[in-house]
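The values are calculated or read from the model by the stated rules, or taken from the named source; none is laboratory data. Because the structure is a prediction, the values reported are computed rather than measured. Neighbour counts are summed over all protein chains in view; Cβ atoms, including those assigned to glycine, are modelled from backbone coordinates with ideal geometry.
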Amino acid sequence: MKRALSLVTILILALALAVPALADNHGPRVRAVHASPDAPAVDVWVDGAIAFQNAPFKGITPYAELTPGMHNFQIVPSGATEPVVIEADLDLQSNRDYTIVAVNELASIEPLVLADNNTLPEAGKAHVRFVHASPNAPAVDIAVTDGPILFEAIPFQGVGDYLPVDAGTYNLEARVAGTQDVALSLPNITLEEGTVYTVFAMGLVGEEPALTAVISVDAQAQPTLLPATGEVHTALFIGLGIGALGLLVLGMGVRELAVSKVRS
């Protein structure tokens, strides 16, 4: 009986340690963001095959998981194979997330490649970063209205790194860097606990499409619930497996004890 219980303990500990490793271990994940204000909707090709279709201006695709190593990315008008308006070869690493942003006006369109950090915030916090993707806007400060500056002097194609903030609803504004001149008001921005956000400034100052903020939810803590139809949650099945295995081995121990009593 003691031997059986010891085996249960060892297996439970081993599988419990394996669960985080399985959850954290994934191939590189990549998504695309269309921030070129005068470019048409686009398709994104990876290694000669379509990965994302018909992404419009301000469109943000989901993440797609790839294999580690070199990959070729091409962006073309939706439904076409040419012209290739953006082409880039990227060396992608395991357990990393990337965002490829198509920036600038069509005549000068280019890729802005971001290394994402989707580590979830601690309790009560959200993480937010800012990406300046408006080609004719000056450098900006992102500030709380009548409050502190969160990101200072971010130029076009500049990125304000992830900032932990208290979860809540904020009135924000983009100011011309170093001044109180508000280029864009961002009222009632709700940042939820356990969530990672990117705020993209897109569009044009004084032209169409107008300067705007596009907010992306990059990662979010998930409650421990049964999976929805069609979803597979590794941790759930491992947990059920641990329970079943524990009952099986415990049953073996009870049987062994009963046999030993009969023999005695």
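What the table shows:
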{"read-out": "Some residue of region 94-108 being among the polar types (S, T, N, Q) and part of a helix (DSSP H, G or I)", "value": "yes"}
{"read-out": "Candidates Asp91, Asp24 - the one that is modelled with pLDDT under 95 and within 20 Å of the chain's Cα centre (by Cα)", "value": "Asp24"}
{"read-out": "Residue, surrounded by the most Cβ atoms within 10 Å (Cβ to Cβ), within region 34-89, restricted to residues that are acidic (Asp, Glu) and farther than 18 Å from Ala107 by Cβ", "value": "Asp43"}
{"read-out": "Flag for Val131 being in contact with a strand residue (DSSP E or B) (Cβ under 7 Å, 6 or more places away or on another chain), at pLDDT 95 or above and under 24 Å from Pro40 (Cβ atoms)", "value": "yes"}
{"read-out": "Filter result (under 14 Å from Asn54 (Cβ atoms) and either in a strand (DSSP E or B) or of a type in the set (D, E, K, R) (or both)) within region 66-85", "value": "Ile75, Val76, Pro77"}
{"read-out": "Check on Ser94, closer than 27 Å to Leu211 by Cα and either out of contact with any Phe, Trp or Tyr (no Cβ under 8 Å at 6 or more places or on another chain) or loosely packed, with under 12 Cβ neighbours inside 10 Å (or both)", "value": "no"}
{"read-out": "Count - residues of region 134-184 that are modelled with pLDDT under 95 and aromatic (Phe, Trp, Tyr)", "value": "0"}
